[in-house]
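Input: a single structure, listed below in structure tokens.
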Amino acid sequence: MVFLVCALMLLGLVGRLVYLMGVRSDYYYQKAEELHERERVIKAARGQILDAKGRILADNKTVCTISVIHSQIKEPQKVIEVLSKELEIDTDTVRKKVEKISSIERIKTNVEKSVGDVIRGYELDGVKVDEDYKRYYPYGSLASKVLGFTGGDNQGIIGLEVKYEEILKGQAGKILTTTDARGVEIDQIGESREDPVAGENLKISLDVDLQQYAQQAALKVMEEKQAARVSILLMNPQNGEIYVCVNVPEFDLNDPFILNTDVDTSGLNEQEKQDLLNQMWRNPCLNDTYEPGSTFKILSAYAPALDSGKYTLATAVLDEPITYSSGQTVHNADGKYRGYTSIREAIQDSVNVVAIKTVEDITPKTGYEMVKKFGISTLTKDDIVESLPLGVGAVSNLELAAAFEVIPNGGKYREPVLYTKILDQDGNVLLDKTPKTHTVIKDSTAYLLTSAMEDVVKYGTGKLADFGTMPIAGKTGTAGTTEAARDAWFAGFTPYYTCVVWGGYDDYSELESTKYPKILWNRIMGQLHEGLEYKDFEMPDDVQEYTVCATSGKIAIPGVCSKTVTEYFADGTEPEEKCDLHETAVICKDSGLLAGEYCPESSKVKKTYVKDASGEDAMPTKVCDVHTSHGLLQPLIDALTPNRSGQDAQTYSNTSGTQNTQNASH
């Protein structure tokens with residue numbers, strides 16, 4: 001019985017041994033290797049970020065990581081003294097790490113290579129100096145909020161560095177050393193090494209020269225204390241590439257944890273300090289939204305109205321006192337009312353009443369849907385209101401620039417592009433960025449808007465943006481209250497570039513001036529266009545010119561319509577009806593009233609008036625009271641017989657008024 005039990009036990013042990021040595025051999029071999037191998041990570045060289053011309057915006061700087069292996073240290077006191085001195089770390093901190101019993105203890109990372117070489121020269125047992133990489137930004141604060149930066153582990157934290165982390169980071173390598181049971185490296189076996197794989201390079205559309213100039217110009221505005229923040233976005237409408245993305249104040253990418261303001265942080269806790277850093281790192285061009293003001297008149301009112309074919313640039317809308325459905329009065333910025341105003345004039349002078357009437361006619365829902373087609377993603381259905389063209393909701397600089405880029409691009413929306421190519425370490429193209437596109441408005445509508453927006457710069461609210469050497473189309477925008485402006489915009493384009501400038505305060509403080517976005521736009525775009533060949537906006541084949549009545553926008557009536565203009569019309573929208581806003585009447589020169597039957601021919605003149613006009617422009621409704629049937633004696637007769645004079649006057653009014661209707665015509 002005992003023999004049987006022993007045999008079974010032996011058989012079980014043999015089976016277990018076979019299982020461990022056969023089935024599980026690979027597992028335990030791996031565990032044994034791990035027990036006797038020490039691993040040190042080798043960071044991969046992070047991919048470079050290059051500008052449009054191949055200049056390096058983000059690069060790698062060789063640094064060192066200093067570590068100690070407790071079991072290999074033979075002179076602990078010397079190690080402590082050397083590392084404390086060369087790394088400028090207090091002795092107690094170094095001592096704790098040197099005396100800590102662990103397989104490997106990291107003392108400091110991102111040590112300058114020259115310092116690492118000095119430490120390596122001491123040839124201290126148990127001290128490891130491994131070469132590493134640290135991110136370096138050759139241009140300092142240039143485009144800081146676009147590029148972003150990496151942390152101590154070389155991983156992206158914000159901006160492009162984190163957005164394209166998987167492309168840029170590469171694959172880390174490692175150094176494996178074999179140790180004995182005590183953790184001491186076995187010299188005869190040496191090291192095995194797995195080399196790191198460098199990350200891919202990212203080529204972006206920003207241009208260093210343009211970015212530097214725009215950033216300096218924006219800083220000058222900051223120094224003049226006209227705004228707390230300024231953002232500028234410059235794009236190429238032909239391909240959607242972003243050439244400039246400025247957000248001042250910027251920060252130093254090589255020292256990103258130092259605030260760029262004079263804020264006293266001595267009394268702040270860590271969370272409050274972190275909040276300030278997060279605000280400093282934030283990219284307002286892409287992430288922050290502001291009220292768009294009158295820039296929305298183009299997107300929500302005039303683009304859909306013209307695209308529908310119901311409106312033309314010559315369409316006349318009566319600029320008069322009106323109220324919203326809520327009863328609130330609609331005011332024009334200058335406090336004036338112009339009477340009949342063409343869509344071109346309304347765009348040129350940024351007339352609020354005409355924009356509101358236009359949206360009410362096409363419906364706010366139609367205006368809202370058009371804004372969404374322009375790529376504005378921040379509006380909600382709560383923004384489907386009558387005041388939409390005056391800038392409800394909020395919009396980012398990026399989305400507004402992309403929306404206005406539709407117009408010089410023939411009505412087609414093109415997705416904004418920041419990165420253009422992904423390259424390997426040899427410069428070979430691995431991936432090209434192809435932007436998404438869709439049609440927003442007809443090419444004819446785009447040209448009509450461009451033409452009217454040229455007048456904004458030539459004669460209207462955007463004159464300060466005109467640098468004089470190239471056709472410019474643009475639109476101003478201010479937002480805030482009736483008492484003070486809080487946000488100021490200028491969105492404009494040339495045949496070459498689209499640029500949008502915003503300025504204001506984070507706390508929505510009052511602006512001292514709304515002029516500087518136009519002035520800044522002028523400086524940047526003027527510099528950018530130096531040396532470029534003069535080019536006009538191209539008129540599409542489906543746009544024609546016609547001469548029309550300047551008041552009604554319809555076919556002028558000879559001898560009645562005193563002023564005509566030549567206007568652009570999309571095919572099929574040219575006027576077919578005659579002017580219906582002018583009416584003529586025979587006026588007595590002596591009284592300024594409608595001529596009566598007793599007015600001499602020498603006193604009669606034919607004048608043209610506009611319907612629904614007011615003041616001096618309105619056609620008289622009363623008949624001449626100078627020339628009457630009683631002649632020059634009438635005043636004396638009236639004075640002597642007051643009762644009769646009233647009766648005679650009434651009789652004359654009834655007869656002459658009837659006769660005089662023949663003297664007025666349309």
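Quick look at the values:
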read-out: Summed residue charge, Cβ within 15 Å of ASP580's Cβ, Lys/Arg positive, Asp/Glu negative; value: -1
read-out: Stretch gain in nm, segment LYS174-LYS85, where the contour uses 0.36 nm per residue and the Cα spacing is subtracted; value: 29.2 nm
read-out: Flagged links, alpha-carbon separation over 24 Å, of LYS74/LYS128; LYS203/LYS372; LYS336/LYS458; LYS589/LYS622; LYS589/LYS611; LYS578/LYS604; value: LYS203/LYS372; LYS578/LYS604
read-out: Carbon + sulfur, % of accessible area of the stretch 314-355 - ligands and nucleic acids excluded, 1.4 Å; value: 47
read-out: Listed pairs LYS310/LYS433; LYS100/LYS273; LYS163/LYS518; LYS43/LYS85 exceeding 30 Å between Cα atoms; value: LYS310/LYS433; LYS100/LYS273; LYS163/LYS518
read-out: Net lengthening on full extension, VAL565/SER308 (0.36 nm per residue, minus Cα-Cα); value: 90.2 nm
read-out: Protein-only accessible surface order, largest first, of HIS582, HIS70 at 1.4 Å; value: HIS70, HIS582
read-out: Efficiency of FRET between ILE56 and GLU545 - r from beta-carbon atoms, R0 60 angstrom, step 0.05; value: 0.70
read-out: Two-site label geometry, THR93 and GLU112: point separation in nm, points 7 Å out along Cα→Cβ; value: 1.7
read-out: Residue-span extension gain [GLU530 to VAL263] - 0.36 nm each, minus C-alpha spacing; value: 92.2 nm
read-out: Heavy-atom surface of the stretch 243-390, accessible at 1.4 Å and reported per residue (Å²); value: 43
read-out: Amide N of the stretch 397-441 lying under 11 Å from the label point, which is placed 7 angstrom from the Cα of GLN238 along Cα→Cβ; value: none
read-out: Built amide H within the under 5 Å cut-off of SER342, gap 5+; value: VAL317
read-out: Restricting the stretch 432-477 to chymotrypsin sites (Phe, Trp or Tyr not before Pro) in coil, as DSSP defines it, with at most 13 other Cβ within 10 Å; value: TYR459
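The values are calculated or read from the model by the stated rules, or taken from the named source; none is laboratory data. If you're wondering where the values come from, they're calculated on a predicted model, not measured in any experiment. Note that each Cβ is placed from the backbone with ideal geometry, even for glycine, and that neighbours are counted across all protein chains shown. Surface accessibility is based on the protein's heavy atoms, side chains included, excluding ligands, DNA and RNA. Shrake-Rupley method; radii C 1.70, N 1.55, O 1.52, S 1.80 Å.
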